[in-house]
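Shown next, in structure tokens, is the structure this report addresses.
The values are calculated or read from the model by the stated rules, or taken from the named source; none is laboratory data. These numbers come from a predicted model, not from an experiment. In this analysis, Cβ positions are derived from the backbone assuming ideal geometry, glycine residues included, and neighbour counts consider all displayed protein chains. Just the protein is used for accessible areas: all its heavy atoms, side chains included, with ligands, DNA and RNA removed. Shrake-Rupley method; radii C 1.70, N 1.55, O 1.52, S 1.80 Å.
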Amino acid sequence: MNDLSRLEDLPPPYLEPLARHSLVPLWPSLRALLPPGVPTRKTQAACWPYAAIRPLLMQAGELTPIDKAERRVLVLANPGHGPESLQATAAIYLGMQLLLPGEWAPAHRHTPNAVRLIVEGQGATTTVAGEQCVMERGDLILTPTGQWHEHAHEGPAPVVWLDVLDLPLVHYLEASYHVNGPRQGVVPEHGEQLYAQGGLVPSVDFERAARPQPMLRYPWAQVRAALLALATNRPGQASVQVTYTNPETGGDVQPILGCYAQMLRPGQRLRLPVRSPAMVLHLIEGAADVVIGEQPFALAEADTCCAPGYTEVTLSNRSAELPAFLFIADETPLHKKLGVFENRG
Ligand code: 1HN
């Protein structure tokens, strides 16, 4: 029943005029397009240890000046998608970016949305739509679609961050492009200050939802404290996870990718629900083992891994005394908008 015919089964005299008229028979491809029960995924379970990335990134710092590179990035390319596709999952691009003291990565804006998770270093800033965001380890900084952004570094040591973009999807949609611009003027007030305290906003001289994403920087110190408070307030709850949200709408911080911070209690083993979206995990603090499908990876601080959708992921904190903290980005907002989101438990 499932044995559909193959293209080779058709006689060449039939195939030749098809090709000439840009016509293709569906039936030889139908099973591959709609496999039984679970989608075929190019995305493989993969891990990029920071210990491997860091020396190569520093070497790039010596080999390639910033004015030549514009953005000095090593892309975390999922082997299942091949090195040329520059993608970690179907919708997620991942890269580790290096900015050296005194360097400036010039202003541009583009259609893909970006978030940056700071991995190491101090003294760099990224200016997004005029808001000069300080970059501290563990901070999440948003660059929503179409917003001017540039990076500057006045500190003494290299700064490295993880870029997470929805570039593969936007590129697939033939909607990816950029525009270069001059150095931005810096505005005095930040969404981060205006929305600093949950439930409170300034009463005077404050415009509600002046733009689609009112808060651009989510300082790690606040996120970490929120996770520790959640763990204390809900002692019986297995998954101690917070979602980075838009403080005006309560919705996701970006339209395509979702961002989360996960705490593992000391000694905790946590199986994540099997869901349709692929995800990336980045260990901010601690030590954790992760099993993606059948594949185990031992994560040290600043290591990044990636899991295809429809796959079981289990996280274990290797420390019995200390919590571990991970940053997670996934394709959930996209899957929900498209109506293909599934949670298989
Ligand atoms: C980009 O604009 C940045 O602004 C980093 O730092 C990585 C990867 C692809 C396309 C644009 C940045 C990027 C990118």
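Atom-type composition of the exposed protein surface of the chain places 57 percent of the accessible area on carbon and sulfur (1.4 angstrom probe).
Just subtract the alpha-carbon distance of Ala210 and Glu62 from 0.36 nm times their residue separation and send over the number in nm, one decimal.
This chain segment gains 49.1 nm when fully extended.
Computed over neighbours whose Cβ is under 9 Å from that of Glu120, the net charge equals +2, Lys and Arg +1, Asp and Glu -1.
Along region 51-59 the Karplus relation, 6.51 cos²θ - 1.76 cosθ + 1.60 evaluated at θ = phi - 60°, assigns HN-Hα couplings of 4, 7, 6, 4, x, 6, 5, 5, 5 Hz to successive residues, with x for each Gly and Pro.
Calculate I(q)/I(0) for region 136-238 by the Debye formula, one identical point scatterer on each C-alpha and no solvent, and give its log10 at q = 0.25 Å⁻¹ to two decimals. Debye intensities relative to I(0), on a log10 scale: -1.43. A 1.4 Å probe run over the protein chains yields, for the chain, 50 Å² of accessible area per residue, whole-number rounding. Here region 113-243 is treated with +1 on each Lys and Arg Cβ and -1 on each Asp and Glu Cβ, and its dipole about the Cα centre works out to around 360 debye. Legend note: in the chain, cysteines whose Cβ sits 4.7 Å or more from every other cysteine Cβ are Cys133, Cys259, Cys306. Within the chain, all pairs of alpha-carbon atoms sorted by distance into 10 Å bins from zero give the percentages 5, 23, 31, 23, 11, 5, 2, 0.
Residues whose amide H comes within less than 5 Å of that of Tyr310, counting only those at least five positions distant or on another chain, are Arg275, Ser276 (H built at 1.01 Å from N in the peptide plane).
How do 153-163, 294-304, 189-199 rank on mean C-beta neighbours within 10 Å, highest first?
153-163, 294-304, 189-199
Every helix of 4 or more DSSP H residues in the chain counts as -39500 (n - 2.57), and over all residues that averages to -4500 deg cm²/dmol at 222 nm. Here's how it looks for Ala107: its modeled amide H is under 5 Å from those of Gly181, which are all 5 or more places away or on a different chain. Please name whichever of Val128, Val340, Leu56 sits farthest to the positive end of the charge dipole of the chain, dipole taken about the Cα centre and charges placed at Cβ: Lys and Arg +1, Asp and Glu -1. Value computed over the given set: Val340. Positive end of the charge dipole of region 162-207 (Lys, Arg +1 and Asp, Glu -1 on Cβ, about the Cα centre): tell me which of Val179, Leu167, Pro202 has its Cα farthest that way. Ranked along the dipole, the leading option is Val179. If the segment from Tyr177 to Ala231 were pulled out straight at 0.36 nm per residue, it would be longer than the present Cα-Cα gap by 15.2 nm.
Phi-derived couplings, Karplus 6.51 cos²θ - 1.76 cosθ + 1.60 at θ = phi - 60°, listed residue by residue for region 93-107: 9, 10, x, 9, 10, 10, 10, 8, x, x, 7, 9, 9, x, 6 Hz, with x used for Gly and Pro.
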